[in-house]
Amino acid sequence: MSWSRRDILIGAGLSAALGGAVLWRLSLDEGPGPTVALVDRAAAARIGRRLLEAARPPADGSAARQRIDTLIATLPAGTRAGDLRPALADWVAADFEEGRMVEVEGWYLTRTEADLAILAALEEAGAQTG
Amino acid sequence: MFIDARQLDDGSAIACDVAIIGAGAFGITLARALRGSGRDVVLIESGGLDFEDETQALYEGATDGIAYNLDTARLRYFGGSTNHWGGWCRPIEPEDFEARAWVPHSGWPVSRADLDPYYPRAQEICELGAFDYSVENLARLGPPLGLPGGKIADGFFQFSPPTRFGERYRDDIANAADIRCLLNANVTEIVAAHDAGSIARLDVATLTGKRFTVTAGTYVLAAGGIENARLLLASRSVAPAGLANDRDLVGRYFMEHPIFGPIASWICDAPERIAPYYGSYTALGDAVARGCLSMTPEYMAREGRLNTIFTFTPNDDVRYLPGRPAEDGPIPLETEMLTLLAGVEPGVEHTGKRVYMGCGTEQAPNPDSRVTLADEVDALGMPRTRLAWQITEGDRESLLANVATLAAAMGAWGHARLRRIVPADFAWNDIDMFWAHHHMGTTRMAAQASQGVVDANLKVHGLGNLFIGGSSVWTTGCGATNPTLSIVAFALRLAERLRAGEA
Ligand SMILES: Cc1cc2nc3c(=O)[nH]c(=O)nc-3n(C[C@H](O)[C@H](O)[C@H](O)COP(=O)(O)OP(=O)(O)OC[C@H]3O[C@@H](n4cnc5c(N)ncnc54)[C@H](O)[C@@H]3O)c2cc1C
């Protein structure tokens, strides 16, 4: 699975609508999508697979994507893929501070990391099947 | 001087000013501190100077509830359980003495300020360093972890060699003109006067069949956290429910410190930030220290939690090689978690550190967790102990919440991710845990006789001349703070009161 401009726009639009903000556009080209923020997508995908196997909510691709979209919508217009990593660090820190954590195999990671890991796993599965 | 009670005449009657039952940390400290006070002290010890099977067998008993080995959890000879204690020491924290709205039955009738004058001397007796447990003191050795969020505090233990009280202070007892230490002498009953308002005498027996009595102006029961309750409950010739037990409090509220080693592991991308004193015994001035983490008072109050003290040991390196699938090490997903950390750069090899974490945790006072008497009797005809140790679901939830809180603080720090090793749905009875051998609560301290067995000065409510020493008087579990340093401090406090004629 890859992230299209449309996906990002829809996600951003949803978030903006929810937040009452002005619709904006993240200038990510078609490509890997927000999982580009991960240092090692393959490693994250392995975490994501375990989350999906555990099959507990919220290990669900659409919910994960929606939450990530909401976060991306908070970034200034014109944010580029390369700028996502520092933003991710901030989201992760905020998640930990607020106790928004997910458990996998006893590990505690943040909601945002878990969402990205799930998306990475789905991307990988998509790449393999399609 | 030492006297082998087996050599006394059967039916002897020994008189003194102060009779102390039990020569462990409390009894030896109290006796030493009373030297030269003009009081004639008799220190009555069940065992001899060395371990003997037959005497140790007097500690055997039955258990309900959580499995517990009553025999190996203490030692019954001169020096008591300090003959095998580990020497981990920390003072009780000020907040532990306070009534906590979220902890039923909490709130001691004394505060940390009442013990503070005695801690420096207690440190010397336990052969520790200066009485300075501040983080600033620790920071002299290097920066503490300082996890963000205000929920996790850095701290440290000091280590006693560990002082074997029975060896270290043997000569003091042997040479004191005003102390007679009766060895191989087992108190079988604390006999109340007929009005049950004071103690009339102690009945004592040897395993060789001798019986004799000790009478004193003041009696101090210091036979250890379980045995104190057993002896009171078994002292029923005048009070059928047991001595000092009109309110059915003796033996209740038994607490321990469950120990998990390990409860968690973490992966850290910045091992250089873990000061060496966390992982090993480190010289700190004249002390030996080891760092630990615990929950802050603010967090516990806000979230309604008990305390947990975490210690840790850095373990193997964990290598991250970009593009190479992780090999399954001892801990699943460990390398993957390493890739999420702040210091790991895309495409760059990185070495992280695996750290194993143990903990001791607090249980809330629980009246149903209790010591009673078994039907069987020991070789002296005394009913054996029956221990029904209980830990509640609330205690479990608190521990798990504290682990998650630590995981969040490490995550917010950016350099570590934590994995809980025990399952979230563990049951106290099934889990692979240890205990700390800290026996607390069975003669708890309270201002009111309706709430506890002894008052703020260790005097038994309603009895004019009986005091109790040791961690059986603990009102709460005090985090996972090891009790012996404070047991010694309380003994010094009682000695001062006895010397001043205030008790
Ligand atoms: C394996 C182990 C490790 C420990 N590690 C630590 C640690 O690291 N840090 C820490 O703070 N604490 C530790 N403890 C706990 C510590 O040993 C106790 O807190 C301490 O010894 C209690 O002192 P006490 O004087 O109250 O009782 P005890 O030391 O138990 O002494 C009681 C004495 O009373 C005697 N006695 C019992 N019944 C009678 C009777 N009927 N008549 C006459 N005498 C009697 C016994 O023989 C004994 O000598 C540990 C305990 C164990 C078992």
Could you pull the Cα extents of region B:149-293 along its three principal axes, largest to smallest, in whole Å? 69, 42, 28
26 Å Cα-Cα reach of B:K151 towards lysines, excluding residues that sit fewer than 8 places from it in its own chain: B:K353
Can you tell me the dipole magnitude for chain B around its Cα centre, using point charges on the Cβ only (Lys, Arg +1; Asp, Glu -1), in Debye to the nearest 20? 680 debye
Normalised radius of gyration for region A:68-130, please: alpha carbon Rg relative to 2.2 N^0.38 Å, two decimal places. 1.25
FRET efficiency, 1/(1 + (r/R0)^6) with R0 45 Å, evaluated for B:L321 and B:A456 via beta carbons: 0.15
Hydrodynamic calc, region B:332-436: Kirkwood Rh from Cα pairs, then Stokes-Einstein at 20 °C with viscosity 1.002 mPa s, so D in µm² s⁻¹ is 122 µm²/s
Percent of alpha-carbon pairs separated by more than 50 Å within the protein assembly as shown: 25 percent
What helix-only [θ] at 222 nm does chain B give? Using -39500 (n - 2.57) per DSSP H run of at least 4, over all residues, to the nearest 500, the answer is -5000 deg cm²/dmol
Keeping all protein chains in place and using 1.4 angstrom, which order do B:Y119, B:Y133 fall into by accessible surface area, from largest down? B:Y133, B:Y119
In Å, the Kirkwood hydrodynamic radius of region B:20-116 over pairs of distinct alpha carbons? 16.5 Å
Suppose every K and R has +1 on its Cβ and every D and E has -1 on its Cβ; what is the size of the dipole of the protein assembly as shown about the Cα centre, in Debye to the nearest 20? 640 debye
HN-Hα couplings for region B:342-347 via Karplus (6.51, -1.76, 1.60; θ = phi - 60°), in whole Hz with x for Gly/Pro, come out as 4, x, 8, 9, x, x
Neighbouring partner chain Cβ atoms per residue of B:57-64, average, 10 Å criterion: 0
Give me the aspartates and glutamates in straight-line cross-link reach of B:K210: C-alpha distance below 17 Å, same-chain residues under 8 apart excluded. B:D4, B:D9, B:D10, B:E45, B:E54, B:E189, B:D378
On a C-alpha basis, how far is the centre of region B:274-340 from the centre of region B:1-52 in Å? Whole number, if you could? 46 Å
Looking at region B:260-321, what % of the alpha carbon pairs are farther apart than 16 Å? 60 percent
Interchain or sequence-distant (5+) residues whose placed amide H lies within less than 5 Å of the amide H of B:I421 are B:A264, B:S265
For A:T74, A:T110, give the ranking by accessible area with the largest first, probe 1.4 Å. A:T74, A:T110
What is the average number of partner chain Cβ atoms found within 10 Å of a Cβ in A:90-100? 4
Over all residues in B:398-405, what is the mean tally of Cβ atoms on other chains that come within 10 Å of each residue's Cβ? 1
Send over the semi-axes of region B:2-499's equivalent ellipsoid, whole angstrom and largest first, taken as the square roots of 5 times the C-alpha gyration tensor eigenvalues. 45, 23, 20
Using a Förster distance of 51 angstrom, determine the FRET efficiency expected from the C-beta separation of B:S237 and B:A301, and round it to 0.05. 0.65
Under DSSP loop assignment and at most 11 Cβ neighbours within 10 Å, longest GluC sites (Glu not before Pro)-free interval of chain B: B:1-326
What residues qualify as long-range amide H neighbours of B:L75, i.e. H under 5 Å apart, gap of 5 or more or another chain, H built at 1.01 Å from N? B:S81
Could you report the buried accessible area between A and B, both sides summed, computed with a 1.4 Å probe and given in Å² to the nearest 100? 2200 Å²
Region B:297-302 - phi-based ³J(HN,Hα) in whole Hz, Karplus 6.51/-1.76/1.60, Gly and Pro as x: x, 5, 4, 4, 5, 5
Please give the solvent-accessible surface of B:I421 in Å², to the nearest 10, using a probe radius of 1.4 Å with every protein chain present. 70 Å²
Can you run the Rg to Rh ratio on region B:123-187? Use alpha carbon positions and the Kirkwood inverse-distance Rh. 1.25
Looking at B:P346, B:Y281, B:I309, which one has the Cα that reaches farthest to the positive end of the dipole of region B:243-359 (charges on Cβ: Lys, Arg +1; Asp, Glu -1)? B:I309
Rounded to the nearest Å, what's the spacing between the alpha carbon centres of region A:62-130 and region B:69-130? Just the number, please. 47 Å
Could you give the radius of gyration (one decimal) and Dmax (whole number) of the Cα atoms in region B:228-303, in Å? 22.4, 66
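The values are calculated or read from the model by the stated rules, or taken from the named source; none is laboratory data. Treat the numbers as computed from the prediction; the structure is a model and nothing was measured. Here Cβ is always computed from backbone atoms with ideal geometry, including for glycine, and neighbour counts include all displayed protein chains. Side chains included, ligands, DNA and RNA excluded: accessible areas come from the protein's heavy atoms. Shrake-Rupley method; radii C 1.70, N 1.55, O 1.52, S 1.80 Å.
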